[in-house]
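Input: a single structure, listed below in structure tokens.
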Amino acid sequence: MGLLDFFKSKPKEAQRITSVLPHEIFESAALELRDIIAPSALKITPRDINLGDKIVRTLFVISYPRYLADNWFSPIINLDTIFDVSIYVHPVDTAKILKQFQKKVAEVQSQIQIREEKGLVRDPVLDTAYQDIEALRDQLQQAQERLFEVGLYISIYADSITDLDKIESEIRSILEAKLIYIKPALFQQEQGFRSTLPLANDELGVHSKLNSSPLSSIFPFISFDLTSDKGILYGINRHNSSLVLFDRFSLENYNSITFAKSGSGKSFATKLEILRTLMFDVNVIVIDPEREYEYLAEAVGGRYFNISLSSNNHINPFDLPIARDDESPADVLRSQIINLVGLFRIMLGGITQEEDSIIDRAITETYAMKDITPDSDFRDIEPPLLSDFELVLAGMEGGDSLVQKLTKYTKGSWAGFLNQPSNVDINKNLVVFSIRDMEDELKPVAMYIVTHYIWTAIRRELRKRLLVIDEAWWMMKSEDTASFLFSMAKRGRKYYLGLATITQDVDDFIKSPYGMPIITNSSIQILLKQSPTSMDNLQKIFNLTDEEKYLLLESDVGEGIFFAGLKHVAIKIIASYTEHQILTSDPSEILAIRKAKVDLER
């Protein structure tokens, strides 16, 4: 039947339809918030409720033991399942309850006397009840305690009845082990469900009397968390949505280490920590192997140095730190000579014991040529250059072969990088050294020189600093660079320095003899998404369970496990919109941001 036929055959119905005003038709079809959030269907049974695609069951606590320990509710809060908890606390008039207690005391005392008159054996239950009532009555009378009617309801959700029964059984076993008993709200599931909605309507009305002390033990915000009173936000606890809030400078050492596969969000997480750390007056220095921190340095008014063979930025490896009050110049000079021997070992591709001795003596004589001795004041000195060292080495017996190897660093294509006075200034809140444009052959040398220069500058002035070394596996390739990195991890706390080590090549890092010591000397350890090939090694090192192993394998970008001491939690790194715009290294997002800037300028 067509619409016209309908109007002809049923004129009354047609008149009723056409009499409805247009705005009434529009309003009747308009969606409200409750229409959007409402389930598609609802079916109430005696034991549960079919709520759209989910099944929900409400349980209530009917009995508590004589004593409730602190954190007894913690295992329930930390269950890895979906549920709602409502706690209703109704104060009871103290004067009224004291009258009831007076009658109850009289009843219990009477029962005890009757048993004594009959010559019966003492009943421990009656004696305990009498003592408890009297003690509570004293506390109520002295206003040390108050009494409350408490209702504790739990609504659990599942996809099937089998899963629902399994969750209920798990909750029941946890609570009954603590002598706390629960029941499902039979034939009252609708009232129970509404009681756990965030409406503050106690429709179930199943209460137990609790005084203040046991009531405080039910406090629901007890969960596995990693947080401190101050610090920066590292992320959100994926288990219970609590904050992972820490100040690395309040821990036993200030170091951290991050393991993650490429593209898992490790650089983003590190940049986010840097941005938030800067707000607490901390100077941050970054060794950037992929030029990912340049925009961040520009955004916060920091300095960015591009370290390459053609760069105008130079670092003189012979720079000396100023001796602190608790150090002698002789010790500082000796430590510097040892570090330079390690540098030349890397630059020359390994040296013999005889060459080691020659280089050690040549460095000492090079400093002496500039009147730098163990008794000197290093404040107003002009340190020697690599060409000065080459000159001294050329005049020493057995130094000819070493001079030939050094020529490319003093006169060849690499001379501009090393054989120049230092002209970089790290007196800024954020300083980034980029080594992306440095040849791969020279990257370990560049990282050693840069970190050594930073270490020298750090020792000159005591300030709160964070040194970030991204792609640290470059430094683990050489024993000398790995040894120096470990030395900074151990000694950094003395100079108020936190060392943040980031790497994606887990196997290379762990193979080094200094890999595990660096991990154990890091108070904060972050594991993000991992590749299956490196997962077994990480599982052994961090004693991960199989569940934690699969969590890391299946994590999304910016998700993983956050360790602080013996505790660890699953974490999700989050950033605000503005932080994300500054920190993102996703090529598609970067292009979109650039395009938006161009459009804005037009």
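The values are calculated or read from the model by the stated rules, or taken from the named source; none is laboratory data. The structure presented is a predicted model; accordingly, all values stated were derived computationally and were not measured. For neighbour counting, all protein chains shown are included, and Cβ atoms are generated from backbone atoms with ideal geometry for every residue, glycine included.
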Only unsatisfied item for residue 595, checking (1) surrounded by fewer than 17 Cβ atoms within 10 Å (Cβ to Cβ); (2) touching a residue at least 12 places away in the same chain (Cβ under 8 Å); (3) charged (D, E, K, R), is (2)
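Residues are listed down the side, and each one gets a yes or a no for (1) modelled with pLDDT of 85 or more; (2) of a type in the set (Lys, Arg); (3) in contact with a Pro (Cβ under 7 Å, 6 or more places away or on another chain):
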| site | (1), (2), (3) |
| --- | --- |
| 544 | no, no, no |
| 550 | yes, no, no |
| 562 | yes, no, no |
| 568 | no, no, no |
| 571 | yes, no, no |
| 583 | no, no, no |
| 586 | no, no, no |
| 594 | no, yes, no |
| 599 | no, no, no |
Please report, ordered by residue number, the helices (runs of 4 or more DSSP H) entirely within region 10-129 with at least 2 residues that are at pLDDT 80 or above and within 30 Å of residue 142 (Cβ to Cβ). 94-117
Go through region 301-335 and give me each residue that's within 35 Å of the chain's Cα centre (by Cα), not hydroxyl-bearing (Ser, Thr, Tyr) and not in a loop (DSSP other than H, G, I, E, B). 303, 305, 306
Show the residue pairs that are 6+ apart or on different chains and have beta-carbon atoms under 6 Å apart, the first residue being within region 439-456 and farther than 16 Å from residue 284 by Cα, the second being among the small types (Gly, Ala, Ser). 444/478
Consider region 337-375. How many of its residues are in a loop (DSSP other than H, G, I, E, B), polar (S, T, N, Q) and under 22 Å from residue 481 (Cα atoms)? 1
Across region 326-349, the tally of residues that are surrounded by 13 or more Cβ atoms within 10 Å (Cβ to Cβ) and among the small types (Gly, Ala, Ser) stands at 3
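Each row is one residue, and each column tells you yes or no for (1) in contact with a Gly (Cβ under 9 Å, 6 or more places away or on another chain); (2) crowded, with 24+ Cβ neighbours inside 10 Å; (3) touching a residue at least 12 places away in the same chain (Cβ under 8 Å).
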site	(1), (2), (3)
464	yes, no, yes
475	no, yes, yes
480	yes, no, yes
499	yes, yes, yes
Checked pairs for region 509-535, first under 17 Å from residue 254 (Cα atoms), second surrounded by 20 or more Cβ atoms within 10 Å (Cβ to Cβ) and of a type in the set (Asp, Glu), C-beta under 7 Å and 6 or more apart or across chains, list as none
If you check residue 113 against the conditions, is it polar (S, T, N, Q), free of Cβ contacts under 8 Å to residues at least 24 places away in the same chain and assigned by TED's automatic domain parsing to the domain that holds residue 206? yes
List the helices (runs of 4 or more DSSP H) that sit entirely inside region 508-602 and contain at least 3 residues that are closer than 29 Å to residue 497 by Cα and not assigned by TED's automatic domain parsing to the domain that holds residue 290. 577-583
Unique residue being assigned by TED's automatic domain parsing to the domain that holds residue 296 and in a loop (DSSP other than H, G, I, E, B) when the list is 471, 441: 471
Checking residue 66 against (1) touching a strand residue (DSSP E or B) at 6+ places or on another chain (Cβ under 7 Å); (2) in contact (Cβ under 8 Å) with a residue 12 or more places away in the chain, which test does it fail? (1)
Could you count how many residues in region 463-521 are touching a strand residue (DSSP E or B) at 6+ places or on another chain (Cβ under 7 Å) and among the polar types (S, T, N, Q)? 2
In region 125-153, anything hydrophobic (A, V, I, L, M, F, W, C) and either closer than 19 Å to residue 65 by Cα or out of contact with any helix residue (DSSP H, G or I) (no Cβ under 9 Å at 6 or more places or on another chain) (or both) is listed as 125, 126, 129, 133, 135, 136, 147, 148, 150, 152
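Residue-wise test of (1) buried (at least 22 other Cβ atoms within 10 Å of the Cβ); (2) modelled with pLDDT under 85.
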{"site": "217", "(1), (2)": "no, yes"}
{"site": "226", "(1), (2)": "no, yes"}
{"site": "236", "(1), (2)": "no, no"}
{"site": "247", "(1), (2)": "no, no"}
{"site": "275", "(1), (2)": "no, no"}
{"site": "285", "(1), (2)": "yes, no"}
{"site": "295", "(1), (2)": "no, no"}
Subset tally (residues that are touching a residue at least 12 places away in the same chain (Cβ under 8 Å), under 19 Å from residue 579 (Cβ atoms) and not in a loop (DSSP other than H, G, I, E, B)) for region 285-300: 7
